[in-house]
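Heads up, the thing below is written out as structure tokens.
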Amino acid sequence: MRIAASAPGKFVLSGEYAVLDGAPAVCVAVDRRAVVTIEGHGGDHHVVTAPGFSTMPGRFTVESGELCWLAGGQDFGLFETVWNASRPAPAESPLAFSLDTALFRDAGSGRKIGLGSSAALTAAVATALHSLGGAGAAPVAHAAHRQFQDGSGSGVDIACSIAGGVIEYRMADHHATPMKWPDGLYFSVLWSGVATGTRGKLARFGEQPASPSRHELSKVSQAVVDVFASSGEAPAVIAELGRYTRALQRFDEAHGLGIFAAGHAALTEQAASEGLVYKPCGAGGGDIGVVLATSRASLASFGKSAARSGFTRLELSIDPRGAMLHDEDEP
């Protein structure tokens, strides 16, 4: 037998941080996917490997539905958390699991790119285990990822990996609504090469009291969703995202989160001077940002300028497919 499942990565277009206060976020799935394969294994225990991430396999058995490590479990905490949330049906024979997130690392340096690899892998593992009789992929993925992150985060990355495409997301009940990407709105995702620590930023944010900039960010997050729904025209969306980005800057200054560090501030200023919008995505302070324009030529020109500042343009497209099973049982 052989089973394969995959799920896409993502970038947050708007609503970062504000989503934790109940405001909507807009999130975009991209065509870099985490892939999980399951095959029969001739040994007397189950095996899990992660090429490019761990040099040693994990070996485990299952007792009363829970995963029990024999060896190598230190590198597979996420897999263990998803397994125990899913509790698939007992296997008739040992299985070999392969977890592939190679597309979430830079091919040259091997450094991780901030496109939501852990959420994509969580969604892919939950989908694969569901095919083995486990609980529903979406609730398992949300519960497991939140547990793995020690209760932090909004779940927007899981929702986007499960649904694919472009979504409006609200944290309450993990509610995701499909959205249409505007015709004539072009984007490029740029990678700074600098990693960021999401958990630390979210922890600092959670400890701070409400502020005028925090309330403003929630309002403009809603306004971005409203313009997508009411107009859907590229110039109107860009104008609203420009307002959102300026509000995000004021929010960052008030809360000291460093969202626009690692070169993002300079690109934001440059884009505004050229009639474009650039903003860091997610926790910011490193990793990735997105530039938006109504002209492919101006987008390309900005990308070349960003490259001189040390940013790398990622070849990405919107992936309309969410978490999915590729193959059913086969000989």
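Looking only at the stretch 245-262, decide whether some residue is modelled with pLDDT of 95 or more and basic (Lys, Arg). For the stretch 245-262, residues modelled with pLDDT of 95 or more and basic (Lys, Arg): present.
Could you tell me whether Arg33 is within 25 Å of the chain's Cα centre (by Cα), part of a strand (DSSP E or B) and under 18 Å from Val125 (Cα atoms)? Spelling it out, Arg33 is indeed within 25 Å of the chain's Cα centre (by Cα), part of a strand (DSSP E or B) and under 18 Å from Val125 (Cα atoms).
The one condition from (1) free of Cβ contacts under 8 Å to residues at least 40 places away in the same chain; (2) more than 30 Å from Ala138 (Cβ to Cβ) that Glu315 does not meet is (2). Filtered by the rule that a residue be farther than 14 Å from Thr49 by Cβ, touching a residue at least 24 places away in the same chain (Cβ under 8 Å) and assigned to a loop (DSSP other than H, G, I, E, B), the stretch 89-109 gives Ala89, Pro90, Ala91, Ser93, Asp106, Ser109. Taking the condition of a type outside the set (Lys, Arg), within 23 Å of the chain's Cα centre (by Cα) and open to solvent by 30 Å² or more (accessible area, probe 1.4 Å), does Gln270 pass? So Gln270 fails the test.
Name the residues in the stretch 144-187 that are open to solvent by 40 Å² or more (accessible area, probe 1.4 Å) and on the phi > 0 side of the Ramachandran plot, would you? Hits for the stretch 144-187 are Asp150, Asp173, His174. Restricting attention to the stretch 146-203, and to residues there that are at pLDDT below 95 and touching a His at 6+ places or on another chain (Cβ under 8 Å), which single residue is farthest from Ala283 (Cα to Cα)? Looking at the filtered set, the residue picked out is His174. Of the residues Thr55, Thr61, the single one that is touching a Cys at 6+ places or on another chain (Cβ under 7 Å), open to solvent by 30 Å² or more (accessible area, probe 1.4 Å), free of Cβ contacts under 8 Å to residues at least 40 places away in the same chain and over 20 Å from Tyr169 (Cα atoms) is Thr61.
Can you tell me which of (1) over 20 Å from the mean Cα position of the chain (by Cα); (2) surrounded by fewer than 17 Cβ atoms within 10 Å (Cβ to Cβ) is the one Pro320 doesn't meet? Condition (1) is where Pro320 drops out. Cβ-Cβ distances below 7 Å connect the following pairs, each with a first residue in the stretch 230-248 that is outside any helix (DSSP H, G or I), a second residue that is at pLDDT 95 or above and surrounded by 19 or more Cβ atoms within 10 Å (Cβ to Cβ), and a separation of six or more residues or different chains: Gly232/Pro182; Glu233/Pro182.
The number of residues in the stretch 16-52 that are more than 26 Å from Leu325 (Cα to Cα), open to solvent by 30 Å² or more (accessible area, probe 1.4 Å) and charged (D, E, K, R) comes to 2. Please verify whether Ala4 is in a strand (DSSP E or B) and touching a His at 6+ places or on another chain (Cβ under 7 Å), treating the condition exactly as stated. Criteria met by Ala4.
The values are calculated or read from the model by the stated rules, or taken from the named source; none is laboratory data. Fair warning: this is a prediction, and the values are worked out from it, not measured in the lab. Using ideal geometry, Cβ is built from the backbone for each residue, glycine included, and neighbour counts are taken over all protein chains shown. Quick note on the areas: whole protein, heavy atoms, side chains included, nothing else; ligands and nucleic acids left out. Shrake-Rupley method; radii C 1.70, N 1.55, O 1.52, S 1.80 Å.
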